[in-house]
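Asks: Dumping the structure here so I can ask a few things about it.
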Amino acid sequence: TGGVTTIDPGFKNTGSCKSAITFLDGEKGILRYRGYAIEDLAEKASFLEVSYLLIFGELPTQVELDKFEQDIKNESLVDEDIHKILDAFPKNAHPMGVLSSLTSALTAFNPRSVEITSKEDMYHAITMLMGKFPVLVSWCMRKMKGEPLDYGDIDLGYEESFAKMMFKRPNQEYKCNKTIINALDKLLILHADHEQNCSTSTVRIVGSSHAGLFASISAGISALWGPLHGGANQAVIEMLEAIKNDGGDFEKYITKAKDKSDPFRLMGFGHRVYKNFDPRAKIIKVAAEEVLADLGIEDPVLDVARGLSEAALNDEYFKSRNLYPNVDFYSGIIYRALGIPVEMFTVLFAMGRLPGWIAQWKEMRENKEPIGRPRQLYVGEPLRAYSEIKDRK
Ligand code: SDX
């Protein structure tokens, strides 16, 4: 049989590890990072503070946060030769593929990051990745837009410097816009971790072979790219745009999503764990309305999203399957309002998820988890004799 008697496709009912990082209750729609409610963290904390909490287990004191921020700033330059890898990509390359490649390339320029034999090695690899990743993320967008690459500004805070790298126009002084910083901060916090989702499980299993941190995160980026996972935030906006251009006929798309002969699914709806509203979707929905109002943007796609969500939530097919809007349903509306190209939405998801991936990888290594190597149920051919090619029909 190959060693087992039953299999669990998609590991729907398999626990892969013990973890003290994130708690989800899918029935009640609860999400907590290290015991703190996501609602409190999204409202009151900064992304760097939440990153520290996820990675080291406690909310930092001001001294601890300042030191973490300074140590990250000291690592926030990227070797100029990485430009050559970026330049080799066509302009229309999907930025998730570019980001995964550049993240993996960090190993070549920082070989010391692979062998983690002490707390200092672990801390150094973490600060290198937290420092260089935002630069690579901004380079992906600037490459798409044909804009000069930027390194941010170490005199600014972590989130402000990231916003500057992302949004500074080449021909003008950059002024931090509070609405944009707060919206980005909240979105990054809401994406920061989500227990053993597809990409985090990928980061853990790659790291379980003692591959380096950068290579493990690069694998996680590839898993997140898929439209059933992080890629859904791009697919949601493309779906809402299609509905808007189709006269706003969201009933037609709901019918399509229910039709089993049609591979179309309502993107941004449903979740493996949440059989209730995704608590992140609730917060992002309110934030989307606030950001559009603050920036004075009328986005008809938001109206389509509201109508589609209401119609689906009242539809028997969705209700009977506990399908609710998930984190990806509204996030793209904010990214769009910030002028971020739709292909970059999943890259922003990766930027938010980075501290969660790091925290989970660190926990897996500290717990000395064994190499991930599941078994199977063999359903292939029984023993058979080799035949010479001249005798084969
Ligand atoms: C993320 O795991 C995480 O935590 C992920 C994430 C994170 O933070 O890391 O939360 C981020 O990936 C959010 C999910 C983003 N993906 C999408 O929005 C894509 C659309 N959603 C689906 O493809 C689906 O809901 C999944 C992939 C999210 C969950 O799939 P499951 O748990 O494997 O559920 P399933 O495919 O077995 O569906 C159960 C039923 C099926 O119908 P029946 O066979 O019972 O008739 O619900 C149907 C499905 O066809 N269904 C949908 C649907 N989602 C599920 N039908 C139409 N539209 C949908 N969106």
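Where a number appears in this text, it was derived from the coordinates with a stated rule and is not lab data. Note that the structure is a prediction, hence the values are computed from the model and not measured. Please note: Cβ atoms are built from the backbone with ideal geometry, for glycine as well, and neighbour counts cover all protein chains shown.
Asks: Only one of (1) farther than 17 Å from Lys285 by Cβ; (2) buried (at least 24 other Cβ atoms within 10 Å of the Cβ) is not met by Phe329, so which one is it?
Replies: Of everything listed in (1) farther than 17 Å from Lys285 by Cβ; (2) buried (at least 24 other Cβ atoms within 10 Å of the Cβ), Phe329 misses just condition (1).
Asks: Shifting gears a bit: If a residue has to be in a helix (DSSP H, G or I) and either loosely packed, with under 12 Cβ neighbours inside 10 Å or in contact with a Phe, Trp or Tyr (Cβ under 7 Å, 6 or more places away or on another chain) (or both) to count, how many in region 73-85 make the cut?
Replies: Count: 2.
Asks: Can you find a residue that is surrounded by 14 or more Cβ atoms within 10 Å (Cβ to Cβ) and among the polar types (S, T, N, Q) anywhere in region 2-15?
Replies: no
Asks: For a quick check of your reading of the model, give me the residue pairs whose first member lies in region 219-241 and is within 9 Å of Met267 (Cα to Cα), whose second is within 11 Å of the ligand (Cβ to nearest atom) and part of a loop (DSSP other than H, G, I, E, B), with beta-carbon atoms closer than 6 Å and at least 6 apart or on different chains.
Replies: From region 219-241, the pairs are Ala232/Met267; Ala232/Gly268; Ala235/Pro227; Ala235/Met267; Val236/Met267; Val236/Gly268; Met239/Met267.
Asks: Anything in region 245-263 that is near the ligand (Cβ under 8 Å from one of its atoms) and either assigned to a loop (DSSP other than H, G, I, E, B) or aliphatic (A, V, I, L, M) (or both)? List them, or say none.
Replies: Ala257, Lys260
Conditions tested, residue by residue: (1) within 16 Å of the ligand (Cβ to nearest atom); (2) among the β-branched types (Val, Ile, Thr); (3) touching a His at 6+ places or on another chain (Cβ under 9 Å).
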| position | (1), (2), (3) |
| --- | --- |
| Lys145 | no, no, no |
| Arg169 | no, no, no |
| Glu173 | no, no, no |
| Thr179 | no, yes, no |
| His191 | yes, no, no |
| Val203 | yes, yes, no |
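Asks: Another one. Looking at region 13-53 only, could you name the residues that are among the hydrophobic types (A, V, I, L, M, F, W, C) and closer than 27 Å to Glu160 by Cα?
Replies: Ile21, Leu31, Ala37, Ile38, Leu41, Ala42, Ala45, Phe47, Leu48, Val50, Leu53
Asks: A further question on this structure: What's the number of the condition Ile7 fails, among (1) farther than 30 Å from Leu383 by Cα; (2) within 16 Å of the ligand (Cβ to nearest atom); (3) outside any helix (DSSP H, G or I)?
Replies: Here Ile7 clears every test but (1).
Asks: Next question. I'd like to know if region 120-139 contains one or more residues that are away from the ligand (no atom under 16 Å from the Cβ), of a type in the set (Gly, Ala, Ser) and assigned to a loop (DSSP other than H, G, I, E, B). Break it down stepwise before answering.
Replies: Just the residues of region 120-139 that are away from the ligand (no atom under 16 Å from the Cβ), to begin with: 120-139.
Still in the list and also of a type in the set (Gly, Ala, Ser): 125, 131, 138.
Still in the list and also assigned to a loop (DSSP other than H, G, I, E, B): none.
Taking every residue of region 120-139 in turn, none turns out to be away from the ligand (no atom under 16 Å from the Cβ), of a type in the set (Gly, Ala, Ser) and assigned to a loop (DSSP other than H, G, I, E, B).
Asks: Also: Tell me which residues, restricted to region 264-283, are within 16 Å of the chain's Cα centre (by Cα) and more than 9 Å from the ligand (Cβ to nearest atom).
Replies: Ala281
Asks: If I ask for residues that are farther than 22 Å from Arg336 by Cβ and among the aromatic types (Phe, Trp, Tyr), which ones from region 265-276 would you list?
Replies: Of everything in region 265-276, just one residue is farther than 22 Å from Arg336 by Cβ and among the aromatic types (Phe, Trp, Tyr), namely Tyr274.
Yes/no matrix, rows are residues, columns are (1) surrounded by fewer than 16 Cβ atoms within 10 Å (Cβ to Cβ); (2) touching a His at 6+ places or on another chain (Cβ under 8 Å):
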{"site": "Asp315", "(1), (2)": "no, no"}
{"site": "Phe318", "(1), (2)": "no, no"}
{"site": "Tyr335", "(1), (2)": "no, no"}
{"site": "Glu343", "(1), (2)": "no, yes"}
{"site": "Gly352", "(1), (2)": "no, yes"}
{"site": "Glu366", "(1), (2)": "yes, no"}
{"site": "Gly380", "(1), (2)": "yes, no"}
{"site": "Lys393", "(1), (2)": "yes, no"}
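Asks: Right, another one. For Ile358, all conditions in the list (1) farther than 19 Å from Glu241 by Cβ; (2) within 14 Å of the chain's Cα centre (by Cα); (3) within 13 Å of the ligand (Cβ to nearest atom) hold save one; what is the number of the exception?
Replies: Condition not satisfied by Ile358: (3).
Asks: Still on this structure, please answer the following. Evaluate the following for Ser51: is it crowded, with 22+ Cβ neighbours inside 10 Å and part of a helix (DSSP H, G or I)?
Replies: Details: crowded, with 22+ Cβ neighbours inside 10 Å: yes; part of a helix (DSSP H, G or I): yes.
In short, yes.
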